[in-house]
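Report on one structure; see the data block that follows.
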């Protein structure tokens, strides 16, 4: 429990920080967010991806609102009962308002009780958090049917262009492919930003929260997965490699990494959910800059970076993504409702050595799911042709990301 005076000091200090003018661009996600007093708006995503800045953008459109970030060390010990003192502090510092902005609220135990109370009072509530499962668990108790979830990602290529005032094209895309979309890293070009981000996620979001004592194994597993982005993995092989005791432990660790938005696993498509669950999965990473600055690889594989970027773009656009593997392999197939309606192959450069393999994989998926069109995304090649009465588009990834060429 905290005193009224200490809470008010934090609210006042954070108000000054929250209202400082900084370089802000309207995020693409803003177009989808509509404040409603019947639903809490939940914005979740990886650390330093711009959740607080998005809050500022939303708050700028409101005459007066309340804000607090619960990760402030001065709020250690904040309890459910302290929300009453926080309400008084808000009114003393800001005046009357019906709009509440809570940053990293998952830190506070039973926070959902307070949010439900605000919604019952017809208040407008926006919440951010860096842990998917913690938010989901609490939302599934007191806030079922009373919340709207949104996931924020680091800058897309279009947002990167706005933020840096660059023009779309191969030159800017070459930079974005390696730098990624974390705003702070784009501004500072200091690799420690992304090294520290990984360390914060592993230590604060995972090790401390889940009481993991052997952090060395967690760190080594994480770096291994980042280094092997786009590759298949099996829980059993990882168990042996890192001496983790059981496949259940490996599965738990990877779920922790996914909950923190550091990594994503991609399932092989199968109409049988049982087979889908046991088939090997692939690993993808939230951001290319994170890969380059934290990988153990001594060389940069641009093909992997392209593939990872395509996956993140599909994921951020709420696509239901799988990989396909039969005789050949197709990088991504997209499920819409009960059927697969798109197929994508990703390749840095089509040449005589790989052209047959890449086209065969795409064609096999197109035949399997009765698709008339398919797309191969490349670094800078563009073409289109017809095989077996099926149209195949070859598109530079930067044009696909900016929708200069649609497929």
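Those strands (runs of 3 or more DSSP E) of the stretch 351-407 in which 1 or more residues are touching a strand residue (DSSP E or B) at 6+ places or on another chain (Cβ under 7 Å), modelled with pLDDT of 95 or more and closer than 23 Å to residue 325 by Cβ occupy 373-378, 390-396.
Can you name the residue in the stretch 321-338 that is out of contact with any helix residue (DSSP H, G or I) (no Cβ under 9 Å at 6 or more places or on another chain) and at pLDDT 95 or above and is also surrounded by the fewest Cβ atoms within 10 Å (Cβ to Cβ) among such residues? Taking the candidates together, the pick is 336. Residues that are at pLDDT 95 or above and either more than 19 Å from the chain's Cα centre (by Cα) or outside the structural domain of residue 244 (by TED's automatic domain parsing) (or both) within the stretch 202-211 comprise just one, 207.
Got at least one residue in the stretch 292-305 being in the same structural domain as residue 356 (by TED's automatic domain parsing) and closer than 23 Å to residue 370 by Cβ? The answer is no, given that none of the residues of the stretch 292-305 is in the same structural domain as residue 356 (by TED's automatic domain parsing) and closer than 23 Å to residue 370 by Cβ. One residue is enough: does the stretch 77-91 have a residue meeting the conditions surrounded by 18 or more Cβ atoms within 10 Å (Cβ to Cβ) and under 28 Å from residue 25 (Cα atoms)? So far as the stretch 77-91 goes, yes, one or more of its residues are surrounded by 18 or more Cβ atoms within 10 Å (Cβ to Cβ) and under 28 Å from residue 25 (Cα atoms).
You will find that of 41, 24, 58, the residue that is in the same structural domain as residue 85 (by TED's automatic domain parsing) and in a loop (DSSP other than H, G, I, E, B) is 24 and no other. Would you confirm whether or not the stretch 341-348 contains a residue that is in contact (Cβ under 8 Å) with a residue 40 or more places away in the chain and farther than 13 Å from residue 310 by Cα? There is no residue in the stretch 341-348 that is in contact (Cβ under 8 Å) with a residue 40 or more places away in the chain and farther than 13 Å from residue 310 by Cα. In the stretch 305-321, the condition of being more than 20 Å from the chain's Cα centre (by Cα) and within 20 Å of residue 232 (Cβ to Cβ) is met by no residue.
From the list 221, 244, 257, the lone residue that is in contact with a helix residue (DSSP H, G or I) (Cβ under 7 Å, 6 or more places away or on another chain), modelled with pLDDT under 95 and surrounded by 17 or more Cβ atoms within 10 Å (Cβ to Cβ) is 244.
Condition check ((1) more than 23 Å from residue 295 (Cα to Cα); (2) over 19 Å from the mean Cα position of the chain (by Cα)) across all residues:
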site	(1), (2)
227	no, no
242	no, yes
248	yes, yes
254	no, no
262	no, no
266	no, no
271	yes, yes
275	yes, yes
279	yes, yes
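Against the conditions (1) within 27 Å of residue 129 (Cβ to Cβ); (2) surrounded by fewer than 20 Cβ atoms within 10 Å (Cβ to Cβ); (3) at pLDDT 95 or above, residue 239 satisfies every one except (1). Within this structure, residue 194 passes the test of being surrounded by 14 or more Cβ atoms within 10 Å (Cβ to Cβ), out of contact with any strand residue (DSSP E or B) (no Cβ under 6 Å at 6 or more places or on another chain) and on the phi < 0 side of the Ramachandran plot. Out of curiosity, is residue 74 surrounded by 12 or more Cβ atoms within 10 Å (Cβ to Cβ), farther than 18 Å from residue 128 by Cα and either touching a residue at least 60 places away in the same chain (Cβ under 8 Å) or touching a strand residue (DSSP E or B) at 6+ places or on another chain (Cβ under 8 Å) (or both)? So residue 74 fits the description; yes.
On inspection, residue 359 does not qualify as farther than 23 Å from residue 175 by Cβ, surrounded by 19 or more Cβ atoms within 10 Å (Cβ to Cβ), in the same structural domain as residue 170 (by TED's automatic domain parsing) and in contact with a helix residue (DSSP H, G or I) (Cβ under 9 Å, 6 or more places away or on another chain).
Restricting 274, 268, 231, 281 to residues that are loosely packed, with under 15 Cβ neighbours inside 10 Å and at pLDDT 95 or above narrows the list to 231.
The values are calculated or read from the model by the stated rules, or taken from the named source; none is laboratory data. Model, not experiment: these values are computed from the prediction. In this analysis, Cβ positions are derived from the backbone assuming ideal geometry, glycine residues included, and neighbour counts consider all displayed protein chains.
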